[in-house]
1. If you rank C:SER30, B:SER199 by fewest surrounding Cβ atoms within 10 Å, what's the result?
2. Of all trypsin sites (Lys or Arg not before Pro) in the range C:32-134, which ones are in loop regions per DSSP and have a Cβ with at most 16 other Cβ atoms within 10 Å?
3. Using only Cα atoms, locate the centre of the range A:1-34 and the centre of the range C:1-56, then give the distance between them in Å, rounded to an integer.
4. When only Cα pairs under 8 Å and 6 or more residues apart are kept, what is the percent relative contact order across chain C?
5. Can you give me the long-range amide H partners of C:LYS173? Hydrogens built in the peptide plane at 1.01 Å from N, cutoff under 5 Å, separation of 5 or more residues or another chain.
6. Please identify every one of the GluC sites (Glu not before Pro) in the range C:67-128 that sits in a loop by DSSP and has no more than 14 other beta carbons within 10 Å of its own beta carbon.
7. Among the aspartates and glutamates, which fall within straight-line cross-link reach of A:LYS177, defined as a Cα-Cα distance under 19 Å, with same-chain neighbours fewer than 8 residues apart omitted?
8. Among the trypsin sites (Lys or Arg not before Pro) within the range B:45-111, which fall in a DSSP loop and have no more than 15 other Cβ atoms within 10 Å of their own Cβ?
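No lab work stands behind these numbers, since they all come straight from the coordinates. Quick caveat, the model's predicted, so the values are computed rather than measured. As a convention, Cβ positions derive from the backbone with ideal geometry for all residues, glycine included, and neighbour counts pool all protein chains shown.
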Amino acid sequence: MEYLSLFVKSIFVDNMIFAYFLGMCSYLAVSKNVKTANGLGIAVIAVLLITLPVNYLLNKFLLTPGENCIFGPDVDLSFLSFIIFIAVIAAITQVVEMVVEKFLPSLYSSLGIYLPLIAVNCAILGGSLFMQQKEFANLGESAVYALGSGAGWYLAIVALAAIREKLSYANIPAGLKGTGITFITVGLMGVAFMAFMGLAI
Amino acid sequence: MGKMKETILNPIFKGNPITVLVLGICSSLAVTVELKGAFVMALSVIAVTGLSSLVCSLLRKTIPNRVRIIVQLVVVALMVILVDQFLKAFEATYAIDKQLSVYIGLIITNCIVMGRIEAFALGNKPLPSLFDGVANGAGYGMILIIVAFFRELLGSGTLFGFRIIPQALYDAGYVNNGLMILPPMARIILGCIIWAHRSIDKDLQEK
Amino acid sequence: MNTNSNVYTVIYTTVVCVLVAAVLAFVSQSLKSRQADNEKAETISQILTAAQFGEKEHWQEIGNAKTIEFFKENINGENTRIYSTSDLKALNYKIKDGIVKSEELPRYVFNNGIVVLPVYGAGLWGPVWGYIAIADDYKTVTGAYFDHASETPGLGGKIKDDPAFRAQFAGKKVIYDGNGPLSIIKGGAPAGMENAVDAITGATMTSKGLHEAIATWLNAYKDYIEDAREVGEAIVTIVNGIEKSGTNAQEE
């Protein structure tokens, strides 16, 4: 039950895009049509699902001082956490890229240059940093959180791509075309997502 | 000298990283609820972009091409950790660092930093690289501060924590716009800034 | 020099890694004590604010050293360990599992009789925590201070930033009845209810989270508080008895 509520919460309430603004760069760049958005969304879920538990273990057994630390309880390496997290993410993204290139060449060609961009996607590093902040109790929780926030990101990018496909037929003021209207659209989608928080505005 | 001026002014207006290039928005909007946080975030980003551009430019002839990206990433991460450690260590900035929480760490993945190193620092001398980094950080910071200005003024009626909207107005029935402090409004304000910017500078309009 | 050879690449990356690690280790070691002081002083200033020794801004103004010194001068008792928020979080798990005894939980007893008890729980976005100060009758709340990791500024953030919300707690009573030891009630506490305060308008989830944090922790302190009340009442009876016998003696 705890896992289910964490899962639902990380998709809707703690949505990476709408609540925390994470991964906005590639979110805006790759949301022009649903097909590529779909591919990038799945890639983000996959990378999050691998990196977050790995970083969880590193954080628990290497970086945080305490009885679990393999260097002894007094060694505090938490100042290295940013660099370790980003190194793990960069390495794993590289591996995922190679696997996708080998086994799913069509997906690889449609994602083009955006796959390497996942390494600097804030949603991935953000996931690991939130994991560290939320101090999850076990590996399962961190994996569920990764799956949920990845799914939330996927949902957000596919929804935006669908809206943008329709928007290309709309008559928009010249200055607002492209980026401007996209931002406002994302803002309005965000307002809709606020409803999940049960907030009275 | 003219070139130097160009290096500094271009990223702030015509080539602004946020409104024109749409880079680095990831971590920018979450910290714009209040001016104080936006201000510290802007300074941190300026420090990180400036210093990492400088260091990468100094190293540019020695970096092996194959591990270029990872070396850059290490340099950027180093700068971000230094900024974070210093913010945590001083009494004046400790509270703000807590408020910014993960967003300081997310400067690492801010596309502006890596983007400027790739596009400028690796091909230029250290001093212009430093200026380019600082100017891009400043262009980014400027947008943060503009967004934060509107969000704090309309959302809380304060600026830097000081009350701006007089009590008399509240007594007359004025209420703060609660929507302003929620995440979606940051994007809508940014959309409007881009609109205004592109209406003035027609070259930037997308077809 | 060929910068693309394998040997060069390996040596280069190794040197970069070692250098970066050395710089970071040096900086982190030299700033560590200041960071720890900041964290400790922050917690202490929250405790002192709850105990009504001064406003939060006051402690920020006088700085870390003086805040810690003031705390040491005024605290009573041996057990003055400062629990960080992650310590509180660990205790929160133990409380929920029911494996911690009331007397093992942290409490800060000051020389003037005020007792400060921490509370910890989940708000809307992240953890919320705080300190509740109780007078020496172990019943009347004299003050409170709350903090949060990431509640929305202006809404849930008001548990920290809105002095009016905190001020409500002063004068309330901790009563273990059906309404919970000390409740935060959405839509306003009914008049005359001594153990309830009003929730923050527009921040239902944060208020609810804080309500649950207070309920969980004060229930965990129940044994300790009730024992202390009994001891207090016993002392009052004895004192009254002595006074009575004293007056009796005079009359004789």
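1. C:SER30, B:SER199
2. Filter output for the range C:32-134: C:ARG81, C:LYS101.
3. Their Cα centres are 30 Å away from one another.
4. 15 percent
5. Close amide H contacts, sequence-distant or interchain: C:VAL141, C:ASN195, C:ALA196.
6. When the GluC sites (Glu not before Pro) of the range C:67-128 are filtered for loop state and at most 14 Cβ neighbours within 10 Å, C:GLU78 remain.
7. A:GLU165, B:ASP201, B:ASP203, B:GLU206
8. Here the trypsin sites (Lys or Arg not before Pro) that fit, given the DSSP loop and packing criteria, are B:LYS61.
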